[in-house]
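The values are calculated or read from the model by the stated rules, or taken from the named source; none is laboratory data. Remember, it's a predicted structure, so these values are computed and weren't measured experimentally. Glycine gets a Cβ as well: all are built from the backbone with ideal geometry, and neighbour counts include every protein chain shown.
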Amino acid sequence: MAKPLEIDQQWLKRIADQVGGLQYGSVNITVHDGRIVQIDRTERTRYDQPSSKQQESQSVKQQASNSHNNSSNKHQSA
């Protein structure tokens, strides 16, 4: 039969400290013989990425702009 989990105020504070301020991630609590022995915190950072259609559109616009600039430069140097 499993031992009842022992949680004192110190562990509650430690858990709250680890969860506090966490935007994306997880907190893993390890228990041995009914006692908390370890807290692991994994924090993730997410970056917004434009969708593939937006990236393709930006790439096409940039290529068109570069092509236009190159042809203008050729006419000026001739």
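So the values come out like this:
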{"item": "Which listed residue, of G25, G21, G34, is modelled with pLDDT under 95, among the small types (G, A, S) and surrounded by 10 or more Cβ atoms within 10 Å (Cβ to Cβ)", "result": "G34"}
{"item": "Selection status of R14, at pLDDT 90 or above, of a type in the set (K, R) and more than 15 Å from the chain's Cα centre (by Cα)", "result": "yes"}
{"item": "The one condition in (1) of a type in the set (G, A, S); (2) at pLDDT below 80; (3) over 22 Å from the mean Cα position of the chain (by Cα) that S52 fails to fulfil", "result": "(3)"}
{"item": "Residues within the range 6-18 that are outside any helix (DSSP H, G or I) and farther than 10 Å from I29 by Cβ, tallied", "result": "2"}
{"item": "The range 7-30 residues that are touching a residue at least 12 places away in the same chain (Cβ under 8 Å) and over 26 Å from Y47 (Cβ atoms), paired with ones that are of a type outside the set (K, R) and assigned to a helix (DSSP H, G or I) (beta carbon under 8 Å, 6 or more apart)", "result": "I29/I15"}
